[in-house]
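Inspection log for the structure reproduced underneath, given as structure tokens.
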Amino acid sequence: MKRLLVDAISELEPGKRVVAVKDLSATEDYANDAFPRGGWIPNSILVEIIVQVASLFMGASHNFRFKAVPILLTTVSFHGVLRPGARLTVVEHVVSLEDHVAVMRAAGMSEGQKVVEAEFVMGFGSAEGTWALPANQALQRRYLEAALGRSAE
């Protein structure tokens, strides 16, 4: 995660379910030149938010001993567009969990309407391994604590 796209985690049941929130703004630096007048949030940003929620969730579910990264996007469907200023609420749950993979299902909602839904596979590796994304346990814990609205211990 180069840029944390999760503003808050409102519910967390380790290994089962997570609910997270992202307020989408045209003023964030990733949005530079992405939103023409009357523009919309790119679908790729919505998928990245879903994956980041899953990564934080799975890390927390395993006490950050493992780093979870997406390895397969099985299905994704988009139901309309989000404009800057919208709030996205992401609800994810574990469909199945094995030693090194988890199948996840997610739905993104805005103003009571489903905007995106996806099913995907997260793979686990050592938190001390050579992942392309930051795998530092302290950094992962700090991200999670910040998303939960708590200060890191």
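The values are calculated or read from the model by the stated rules, or taken from the named source; none is laboratory data. Please read these numbers as outputs of a predicted model, since none were measured by experiment. Because the Cβ atoms are built from the backbone with ideal geometry, glycine has one as well, and the counts that use them run over all protein chains shown.
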Practice task
State which residue is modelled with the lowest pLDDT when the search covers only the stretch 17-64 and only residues that are surrounded by fewer than 17 Cβ atoms within 10 Å (Cβ to Cβ) and β-branched (V, I, T).
Solution key: T27
Completion exercise
For the stretch 84-121, the count of residues that are under 14 Å from the mean Cα position of the chain (by Cα), closer than 19 Å to A8 by Cα and crowded, with 20+ Cβ neighbours inside 10 Å equals 6
Exercise for the section: Six or more apart or on different chains, Cβ under 7 Å: which pairs go from a residue in the stretch 6-25 that's assigned to a strand (DSSP E or B) to one that's among the basic types (K, R)? Could you list them? Expected result: E11/R17; V21/R87; D23/R87
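Condition first: under 24 Å from G112 (Cβ atoms) and modelled with pLDDT of 85 or more. Now tell me which residues in the stretch 65-85 satisfy that.
Scanning the stretch 65-85 gives T75, V76, S77, F78, H79, G80, V81, L82, G85.
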Exercise for the section: Please go through the stretch 61-83 and pick out each residue that is under 22 Å from L12 (Cα atoms) and either among the aliphatic types (A, V, I, L, M) or outside any loop (DSSP other than H, G, I, E, B) (or both). Expected result: S61, F66, K67, A68, V69, P70
Completion exercise
Of the residues in the stretch 65-83 that are touching a residue at least 60 places away in the same chain (Cβ under 8 Å) and either closer than 15 Å to K22 by Cα or over 12 Å from the mean Cα position of the chain (by Cα) (or both), the one that is surrounded by the most Cβ atoms within 10 Å (Cβ to Cβ) is K67
